[in-house]
Amino acid sequence: MNTNKALLNWYQSNKRDLPWRSNRNPYHIWISEVILQQTRVVQGTPYFHRFLKNFPTIQALAEAEENEVLNVWKGLGYYSRARNLQFAAQQIMKEFNGEFPTTHKELLKLKGVGPYTAAAIGSIAFNLPVAAVDGNVIRVLSRLFNYTSIVNSTIGMKEISALANEFLNEQAPGDHNQAIMELGALVCLPTPKCDRCPLQPSCAAFAAKTQTTLPKKSPKKSIKIRYFVFKINVNNDCILLEKRTNEDIWKHLYHLPEIELFTREDFQIEQQNWMKKAKWNSGELKHILTHQHIVSETFFMEELNASDKGEWIPLRSLDDVPTPKLFQTIMDLYLGA
Ligand code: SF4
């Protein structure tokens, strides 16, 4: 049996029953793909249902308040993806008459839709013969073809994409793309389960015993450490929050007023100063984002400084405003104290 056929047969009998696989609605596929760029299937599935319940159509998403969209996204992180979804929905309404674009070139015009997402939507919803290349696919293909160069480089990505398109089953591109992703998610894992793999007879890395060394990646970008002191002000059951508008983490989300310190030493000095005046403190918290580690401590202060600015949000309405995960952790500690 050829490799493509073996892959499809395996997929038909092993694919997980996921809600976005029940039809070929491009809107549903798009939302699921963007959510799955953020999180795993188990955690992402409730978000998928919640998102479609709140915004059942492209039009509903395009016309929603931004805060509503960010709020439904709350907990997934990377809020720029939620804002891009809404912007792209507005593009579809304005530029494509409310109809989802059906060519790869047009799909790429949508904000936030890169080559991977365009290929996934195009192949699954419209049968377009384009290979979708995400992390799972890179892992499977680099092993299947024993591709030993660095994959996370411009040349590496180009060569893997070329291999992916050569290997693509043009008769069934949607199922083919999903089958490789599913194989990467269930069998060709970082520690591969080669004894259960339908591609084993043709896998070059299996033959060369190199599978656990692939894909080869260049070292990760260095992580930046940032230090913040946050302040809780509460008055008449309302809390003072600032909407973050700068080009920085948590843009458009609400958070506690803050001071950023640029060295560990300055942070420690500030912690000691605040500790003397505070009625409550959270203890030092470390929060990990993709390229940044946030070290913070939050203090509850009774008096308000002239420099404190923001909006007074009722404590009982906190669930209705978009806030980052770290804020929710801090509030859980504070309200549980
Ligand atoms: S044989 Fe092993 S390394 Fe090769 S594709 Fe299958 S699971 Fe991956």
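Students often forget the sequence filter, so: which lysines lie under 20 Å Cα-Cα from K277 once same-chain residues fewer than 8 apart are removed?
K277 reaches K231, K309.
Greater than 27 Å separation of Cα atoms is the criterion. Which listed pairs, K5/K105; K158/K220; K251/K276; K5/K217, meet it? The partial results should precede the final answer.
Working: K5/K105 29 Å; K158/K220 20 Å; K251/K276 31 Å; K5/K217 30 Å.
As for pairs spanning more than 27 Å Cα to Cα, those are K5/K105; K251/K276; K5/K217.
Tell me, in nm to one decimal, what length is gained between K221 and K277 on full extension, where the rule is 0.36 nm per residue of separation less the Cα-Cα distance?
Separation in residues times 0.36 nm, less the Cα-Cα distance, equals 16.3 nm.
Residues of segment 242-261 with the amide nitrogen closer than 11 Å to a label point 7 Å from the Cα of E311, along Cα-to-Cβ, please.
Output list for this probe position: 242-244, 253-255.
Please give the peptides 9-19, 144-154 ranked by average Cβ packing (other Cβ atoms within 10 Å per residue), highest first, as a rough proxy for protection.
144-154, 9-19
Per-residue counts of other Cβ atoms within 10 Å, averaged by peptide: what ranking do you get for 297-303, 120-126, 22-28, highest first?
The packing order, highest mean first, is 120-126, 297-303, 22-28.
Rounded, prolate or oblate for segment 224-336? Axes are the square roots of the Cα gyration tensor eigenvalues, ordered a ≥ b ≥ c, and the cut-off for rounded is a/c under 1.5.
Cα axes put segment 224-336 in the oblate bin.
Using the Cα centre as the reference, give the magnitude of the dipole from point charges on the C-beta atoms of the chain (Lys, Arg: +1; Asp, Glu: -1; all else neutral), rounded to the nearest 20 debye.
Rounded to the nearest 20 debye, it is 1200 debye.
Less than 13 Å Cβ to Cβ from Y147, Lys/Arg counted +1 and Asp/Glu -1: what total charge do the surrounding residues give?
Its environment carries a net charge of +3.
Work through the residues other than F206 whose Cβ is under 13 Å from its Cβ and net out their charges, Lys, Arg +1 and Asp, Glu -1.
Once positives and negatives cancel, what remains is +3.
Please find the FRET efficiency linking S13 to E166, where r is the Cβ-Cβ separation and R0 is fixed at 35 Å, and quote it to the nearest 0.05.
Taking R0 as 35 Å, the efficiency between S13 and E166 is 0.85.
Please report the base-10 log of the normalised intensity I(q)/I(0) for the chain, using a Debye sum with one equal scatterer per alpha carbon and no solvent, at each q in 0.08, 0.11, 0.14 (1/Å).
-0.50, -0.85, -1.13
Any idea what the relative contact order of the chain is, in percent, if you count C-alpha pairs under 8 Å spaced at least 6 apart?
16 percent
Find how much the distance from F96 to K325 grows on full extension, using 0.36 nm per residue of separation minus their present alpha carbon separation; answer in nm with one decimal.
Answer, rounded to one decimal: 78.9 nm.
Highest mean first, how do 100-113, 41-54 rank when packing is the count of other Cβ atoms within 10 Å averaged over residues?
100-113, 41-54
Just for the chain, what percent of DSSP beta bridges are antiparallel, to the closest 5?
65 percent
Once neighbouring chains are kept in place and the probe is 1.4 Å, which whole percent of the accessible area of the chain is contributed by carbon and sulfur?
Looking at the chain in its full context, I get 51 percent from C and S.
May I ask for the net charge around Q271, where only other residues with Cβ less than 9 Å from the Cβ of Q271 are counted and Lys, Arg are +1 while Asp, Glu are -1?
-3
Evaluate the distance, in nm, between pseudo-label points positioned 7 Å from the Cα of C238 and of A208 along their respective Cα→Cβ axes.
Distance between the two pseudo-spin positions: 6.6 nm.
Taking the solvent-accessible surface of protein heavy atoms with a 1.4 Å probe, what is the per residue accessible area of the chain in Å²?
For the chain, the per-residue accessible area is 52 Å².
When DSSP beta bridges are limited to those with both residues in segment 200-337, what percentage is antiparallel, rounded to the nearest 5? Mind showing how you got there, number by number?
On the way: 18 of 27 bridges.
If we restrict to bridges inside segment 200-337, about 65 percent are antiparallel.
Can you work out the PRE-style zone for L186? Point 7 Å along Cα to Cβ, and I want the residues of segment 201-226 with backbone N under 18 Å.
Taking a point 7 Å out along Cα→Cβ of L186, the residues of segment 201-226 whose backbone N falls under 18 Å are 201.
Can you give the percent of C-alpha pairs in segment 193-237 whose distance is more than 17 Å?
Tail of the P(r) past 17 Å holds 64 percent of the pairs.
Apply the Karplus curve 6.51 cos²θ - 1.76 cosθ + 1.60, θ = phi - 60°, to the phi angles in segment 157-165 and return the couplings in whole Hz, x for Gly and Pro.
With the stated coefficients, segment 157-165 comes to 4, 5, 5, 5, 4, 5, 4, 4, 6 Hz.
The values are calculated or read from the model by the stated rules, or taken from the named source; none is laboratory data. No experiment lies behind these values; they were computed from the predicted model shown. Positions of Cβ are backbone-derived with ideal geometry, glycine not excepted, and every protein chain shown enters the neighbour counts. SASA here: full protein model, heavy atoms, side chains in, ligands and nucleic acids out. Shrake-Rupley method; radii C 1.70, N 1.55, O 1.52, S 1.80 Å.
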